[in-house]
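Structure, as structure tokens:
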Amino acid sequence: MRKLLYFILILSITVIATGCSSKDAQEKNDKTELKVIIAGSLLVPFQEVEKEFESHNPNIDVVLEGHGSVQAIREVTELGDRADLLAVADAQLIPLMMYQLKIPDSSTNYANWCIDFSTNKLGIACQDGSAYYSEINGDNWYQIISRPDVSIGLPDPRIDAMGYRVLMMMQLAEDYYHDDTIFENTIGSAFAPAMNIKKQDDITTITVPEIVKSTQDRVKLRTYSIQLMALLESGDLDYAFEYESVAKQRGLKFISLPEEIDLSSSDYVKQYQQVEVNLDFKRFVSLVPKFQGSQIVYGLTIPNNAVHSPEAVKLIEFLLSKDGQNIFDQCYQPELAKPVCDNIQVLPESLKSLF
């Protein structure tokens, strides 16, 4: 009798658990899955946006996927992944990589509008225990990180927008500090094959080879900037180039650099534009990636092959609302004073009123 009662109890629990699982699965299946591919530096604010947005839209399940900005777009345009919303750390990537490229078996481009919605500043993240932390500042940083016993990390410029922005910043630093050895002494000498730097008229062009490998243990290259934060927090890195928002989100110290070189200010755009980066990267299908120095501006779009465009529009409306702005403020992610769109006439109707 005891065995029979025990069997009935176990069977009841199994039936209840199965019923709960089926109910949870059914509820999830009833939701619209909104796939959002974003730059890694946007993960923290977008996770908070996701929570708040879903609380107001319980029929939508936002699914976030983070990549370096160049790779984020390639996921859609070259690797066949679908995204309902795409947000990257460099707004110029969307027109460059999506406006001229056709969706397979279609005459439609991958995108035809971009909304600029956020900004940032480039600097150096570190901790109290970083080598020479008591000495480093916004004036001598390039001397500190060039020391042989100091380790520094940067993201891959072929994949992550911050990677090629670091190269731009280092070249701008040579002009700002009147020292043409800064690039070579800090990171340039650590790579083989070497990056080619060519100056013509007022423009300096840095060409990144197809294969990028660090030959010095003190200079660590990672696919994405977020990966460097784990090394910094574990003590395996002394310093890492990073956006201010990411450093603050993780409670790290941040060395601010002069506005003339940190790519943060609209006042110095002409100066930033004097540096450009070319990627000698054969994996790009139909374009030659060439990035011009500019103010750091984040951009977003809804790809023209998105499955759930109406829901993506709702998310953009929330993102640009006061509630969305408050979330970004709390996550140290600065929004532009006013969002900007390059092609308002082709925006979804409900978004046109925002501009």
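The values are calculated or read from the model by the stated rules, or taken from the named source; none is laboratory data. Since we're looking at a predicted model, the values are computed, not measured. Ideal geometry is used to build each Cβ from the backbone, glycine not excepted, and the neighbour counts take in all protein chains shown.
Brief remarks on what is shown
Residues checked against (1) modelled with pLDDT of 95 or more; (2) not in a loop (DSSP other than H, G, I, E, B):
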{"residue": "V288", "(1), (2)": "no, no"}
{"residue": "S294", "(1), (2)": "yes, no"}
{"residue": "G299", "(1), (2)": "yes, yes"}
{"residue": "N304", "(1), (2)": "yes, no"}
{"residue": "V307", "(1), (2)": "yes, no"}
{"residue": "A312", "(1), (2)": "yes, yes"}
{"residue": "L315", "(1), (2)": "yes, yes"}
{"residue": "N326", "(1), (2)": "yes, yes"}
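- Residue match in the stretch 89-98 (condition: buried (at least 19 other Cβ atoms within 10 Å of the Cβ), at pLDDT 95 or above and within 18 Å of Q249 (Cβ to Cβ)): yes
- Of the residues making up the stretch 311-355, those that are among the hydroxyl-bearing types (S, T, Y) and either closer than 14 Å to H56 by Cα or free of Cβ contacts under 8 Å to residues at least 60 places away in the same chain (or both) are S321, S350, S353.
- Among strands (runs of 3 or more DSSP E) entirely within the stretch 88-184, having at least 3 residues that are out of contact with any Lys or Arg (no Cβ under 8 Å at 6 or more places or on another chain) singles out 115-119.
- Within the stretch 297-310, none of the residues are out of contact with any Phe, Trp or Tyr (no Cβ under 6 Å at 6 or more places or on another chain), touching a residue at least 60 places away in the same chain (Cβ under 8 Å), surrounded by 17 or more Cβ atoms within 10 Å (Cβ to Cβ) and farther than 30 Å from D61 by Cβ.
- Q271 vs. criteria of a type outside the set (S, T, Y) and part of a loop (DSSP other than H, G, I, E, B): no
- Residue under evaluation D160, criteria (1) within 29 Å of G235 (Cβ to Cβ); (2) among the charged types (D, E, K, R); (3) touching a Phe, Trp or Tyr at 6+ places or on another chain (Cβ under 7 Å); (4) surrounded by fewer than 24 Cβ atoms within 10 Å (Cβ to Cβ), criterion not met: (4)
- Hits in the stretch 317-333 (condition: in contact with a Ser or Thr (Cβ under 9 Å, 6 or more places away or on another chain) and crowded, with 17+ Cβ neighbours inside 10 Å): F328, C331, Y332, Q333
- Total residues in the stretch 52-74 satisfying the condition of being assigned to a helix (DSSP H, G or I), acidic (D, E) and within 17 Å of L42 (Cα to Cα): the figure is 1.
- Residue list for the stretch 223-265, restricted to those being part of a strand (DSSP E or B) and within 21 Å of V297 (Cα to Cα): A240, F241, E242, Y243, F254, I255
- Qualifying residue in the stretch 220-231 (condition: surrounded by fewer than 18 Cβ atoms within 10 Å (Cβ to Cβ), of a type in the set (K, R) and either at pLDDT 90 or above or in the same structural domain as M169 (by TED's automatic domain parsing) (or both)): no
- When we screen V212, V246, V208 for residues that are within 26 Å of Q127 (Cα to Cα) and either surrounded by fewer than 17 Cβ atoms within 10 Å (Cβ to Cβ) or not charged (D, E, K, R) (or both), the only hit is V246.
- Taking the conditions (1) crowded, with 22+ Cβ neighbours inside 10 Å; (2) closer than 30 Å to N305 by Cα; (3) at pLDDT 95 or above in turn, I152 satisfies each one other than (2).
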